[in-house]
Amino acid sequence: MRRDVLPTPCYIIDEAKLQSNLKLLHYVEQESGCHILLAQKAFSCFAVYPLIAQYLSGTTASGLYEARLGHEEFRKENHVFAPAYEPGEFEELCLICDHILFNSFNQLEKYRSVWEKAKVSVGIRVNPEHSTQGDHAIYDPCAPGSRLGVTAGNFRPDLLSGVEGLHFHTLCEQNFDDLLSTFSAFEEKFGKYLLQMKWLNLGGGHHITREDYDVEGLIALIRRIREKYNVEVYLEPGEAIALQAGWLDTEVMDIVDNDMKILILDASAACHMPDVLEMPYRPPLKDAGRIGEKPFGYRLSSRTCLAGDVIGDYSFDHEIQIGERITFEDMAIYSMVKNNTFNGMPLPAIAIQHKDGDCQLIRQFGYEDFKCRLS
Ligand SMILES: *Cc1c(COP(=O)(O)O)cnc(C)c1O
């Protein structure tokens, strides 16, 4: 169907861009000999898992439900990391995952008798204590007091029997230079243990599909690690897989005035793009600029009751009319996976724009999707 007849609000996956991201990631796998996993936390739109599975080695999960999704819909390598596991969950994870990561030696020992009997390869997440994220403390697992990963001071070489891998995840939307300095910090503290491992997982946060990313630097580092330590190397990016590969189309429902013109949209920052408020950031908007750049300026907000449900201020070349559609860009990642129905807002539909431009509506939601979670 044509894009302009899809219901709104609607997430639209850009199949062409997704595929071009996947081709680049596949090139990294081929040239470096590493394995790339989809971090489902960022993007779990499983309608396109068959496409992603043509290019990547598998999935990684933050817990049982994502692990089940990867097992059911992706069906390649399936890894999981969580700061703590429930006994029932852990038994099930051993059946559907091939790699299980622990955040502490406590958890490793708690489940030793289970994983030693299972067909899984286990690893420990470490904290290289090397912050590279400036003022983004909420996304920095190396920040002081972080619960994520074992520090060198708490590392227990005496408990490594049966442990086959090490893992660190410290980056967020970063380039290769930060990976390189993090790897050096990791190597200094944990390199001696890596020599006895089968694999190393470099986590996510690598913005590999961003235009300025140093892909060749990454390939060279992975080759060097594989040669020096004789380990398999995993990367588990989320963002990089569907970066710039989706939109959120929304309709202007009303325009109000209070010293400025304010658009009331059927999409909401609080419900449909929570990172706009959490991170916070200003999402890119198609054919729009900053206030003052173009003649017609507006504040974009939503139809929830939250005063602060404001997406940002933008300017346009033409005067916006009620009923018009506008398009937020880069809305595939950390959007659908974070949706909520606060205020009883409807969840956006999900569509795919195929390479020939034709759109396919794959999912719509209704009142039951709101009600079923409330009692
Ligand atoms: C969030 C996360 C990822 C994916 O991060 P992106 O920033 O989306 O690339 C990978 N691994 C772990 C352990 C994570 O917590």
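The values are calculated or read from the model by the stated rules, or taken from the named source; none is laboratory data. This structure is a prediction, so every number in the text was calculated from the model and none was measured. Positions of Cβ are backbone-derived with ideal geometry, glycine not excepted, and every protein chain shown enters the neighbour counts. What goes into the accessible areas is simple: the full protein's heavy atoms, side chains included, and nothing from ligands, DNA or RNA. Shrake-Rupley method; radii C 1.70, N 1.55, O 1.52, S 1.80 Å.
Miscellaneous remarks
- For residue 370, solvent-accessible area (1.4 Å; no DNA, RNA or ligand), Å²: 70
- In loop segments of the range 103-180 as defined by DSSP, the GluC sites (Glu not before Pro) with at most 15 further C-beta atoms inside 10 Å of their C-beta are 116.
- The range 309-375 versus the range 62-136: alpha-carbon centroid distance in Å: 32
- Rounded to the nearest 20, the size of the Cβ-charge dipole of the chain about its Cα centre is 980 debye, with Lys and Arg at +1 and Asp and Glu at -1.
- Between residue 89 and residue 278, the simple label model (points 7 Å from Cα in the Cβ direction) yields a spacing of 1.6 nm.
- GNM flexibility winner over the chain from 191, 238, 165 (Cα, springs under 10 Å): 191
- Rounded to whole Hz, the Karplus (6.51, -1.76, 1.60) HN-Hα couplings of the range 311-325, x for glycine and proline: 8, x, 9, 9, 10, 10, 6, 10, 6, 7, 10, 4, x, 6, 9
- Distance in nm between pseudo-label sites at residue 212 and residue 30 (7 Å out along the Cβ direction from Cα): 2.8
- The heavy atoms of residue 98 present about 50 square angstrom of accessible area, all protein chains included, probe 1.4 Å.
- Sites residue 195 and residue 329 - FRET efficiency at Förster radius 45 Å, r taken between beta-carbons, to 0.05: 0.50
- With contacts taken as Cα pairs under 8 Å at a separation of at least 6 residues, the chain carries a relative contact order of 20 percent.
- Evaluated at q = 0.15, 0.18, 0.22 Å⁻¹: base-10 log I(q)/I(0), Debye formula over Cα of the range 223-321: -0.66, -0.88, -1.23
- In this structure the amide hydrogen of residue 265, modeled in the peptide plane, comes within under 5 Å of the amide hydrogens of 253, 301, 302, 303, none closer than 5 places in sequence on its chain.
- Cα centroid separation, the range 225-241 to the range 166-215 (Å): 8
- Max-minus-min Cα coordinates of the chain on each principal axis give 67, 45, 42 Å, with the largest extent listed first.
- Only Cα pairs under 8 Å and 6+ residues apart enter the sum, and on that basis the relative contact order of the range 143-214 stands at 43 percent.
- Span-like helix check, the chain: qualifying full DSSP H segments, with Cα axial length of 18 Å or more and mean Kyte-Doolittle of -0.5 or more, are 176-194, 215-229.
- When all protein chains stay in place and ligands, DNA and RNA are ignored, the 1.4 Å accessible-area order of 69, 160, largest first, is 69, 160.
- Table column - 3J(HN,Hα) (Hz), the range 37-49, Karplus curve with 6.51, -1.76, 1.60, x for Gly and Pro: 10, 7, 7, 5, 3, 7, 7, 10, 6, 6, 4, 9, 4
- Kirkwood hydrodynamic radius of the range 24-110, from inverse mean 1/r over distinct Cα pairs, in Å: 13.4
- Average 1/r across all pairs of distinct alpha carbons in the range 1-157, invert it, and you get the Kirkwood radius: 17.7 Å.
- Solvent exposure, largest accessible area first (probe 1.4 Å, DNA, RNA and ligands not counted), of 115, 247: 247, 115
- Residue among 306, 195, 176 farthest towards the positive dipole end of the chain, charges placed on Cβ: 195
- Taking every alpha-carbon pair under 8 Å whose residues sit at least 6 apart, the range 245-327 reaches a relative contact order of 37 percent.
- GluC sites (Glu not before Pro) lying in DSSP loop within the range 279-375, provided at most 16 other Cβ fall within 10 Å: 293, 319, 324
- Approximating the spin labels as points 7 Å out from Cα along Cα→Cβ, the residue 75-to-residue 135 distance works out to 4.9 nm.
- Per-residue ellipticity at 222 nm from helix content only, as computed over the chain with -39500 (n - 2.57) for each DSSP H run of at least four residues, stands at -7500 deg cm²/dmol.
- In this structure the amide hydrogen of residue 332, modeled in the peptide plane, comes within under 5 Å of the amide hydrogens of 244, 245, 246, none closer than 5 places in sequence on its chain.
- Heavy atoms of residue 2 accessible to a 1.4 Å probe, total area in Å² rounded to 10: 150
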